[in-house]
Amino acid sequence: MYHFCNSSQTKSRQQRMNGFGQFFRRFGSFVLAILVPVLALFVEGPLQYLGVFYEITRAAASGICIALLIHSWLRQRRHSRSAWELLAWTTVLSVPLLGAVWLGLNVIRSYVYPLYWRDEEIARWALVCRIQHWVEFAGLSMAIVAAVLIGSLALAKLFMWSRVGRIKAGE
């Protein structure tokens, strides 16, 4: 038999759970996208000795991470209040996205490694290595842009709140 209770304790618990649910709906895929490569690192050690499963695990982690980050960006696009907030989330999400792309390229690089050192094999392998270097540079650049953008937005909000306090105080 179910008993429905309208006590304030039950309502506050429901509000806390609702807050967690809202948080997880908005940021859950981002948190999972950060946790997937960490979990892959724990699985990577034992699978390294099995050969092919090692690369499949890394490719799967890369693909799952990319899908989760795209989902997270779509969520942030839906919940962002301004274009600046969406720009900040785009730069923040692009850094782990480029890391996942780099991991996928690393898997591709291991499969196109030139066994017989023919010219076409070396050219494919060198192309993947070159793309990986570009992704590294883009990731470092995006991390710097994200840090500057988030810092400037934080300072702007701090300035706005200090101005609001002065206006309310009558200064």
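Give the residue, chosen from 109, 81, 75, that is among the basic types (Lys, Arg) and farther than 23 Å from residue 29 by Cα.
109
Quick grid of which residues meet (1) surrounded by 14 or more Cβ atoms within 10 Å (Cβ to Cβ); (2) at pLDDT below 65; (3) assigned to a helix (DSSP H, G or I):
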position: 20; (1), (2), (3): no, yes, yes
position: 31; (1), (2), (3): no, no, yes
position: 35; (1), (2), (3): no, no, yes
position: 46; (1), (2), (3): no, no, yes
position: 58; (1), (2), (3): yes, no, yes
position: 69; (1), (2), (3): yes, no, yes
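Select, from 130, 78, 109, the only residue that is assigned to a helix (DSSP H, G or I) and either in contact (Cβ under 8 Å) with a residue 12 or more places away in the chain or closer than 17 Å to residue 58 by Cβ (or both).
Every option except 109 fails the conditions.
The values are calculated or read from the model by the stated rules, or taken from the named source; none is laboratory data. None of these values were measured; they are calculated from a predicted model. Quick reminder, even Gly has a Cβ in these numbers, built from the backbone with ideal geometry, and neighbours come from all protein chains shown.
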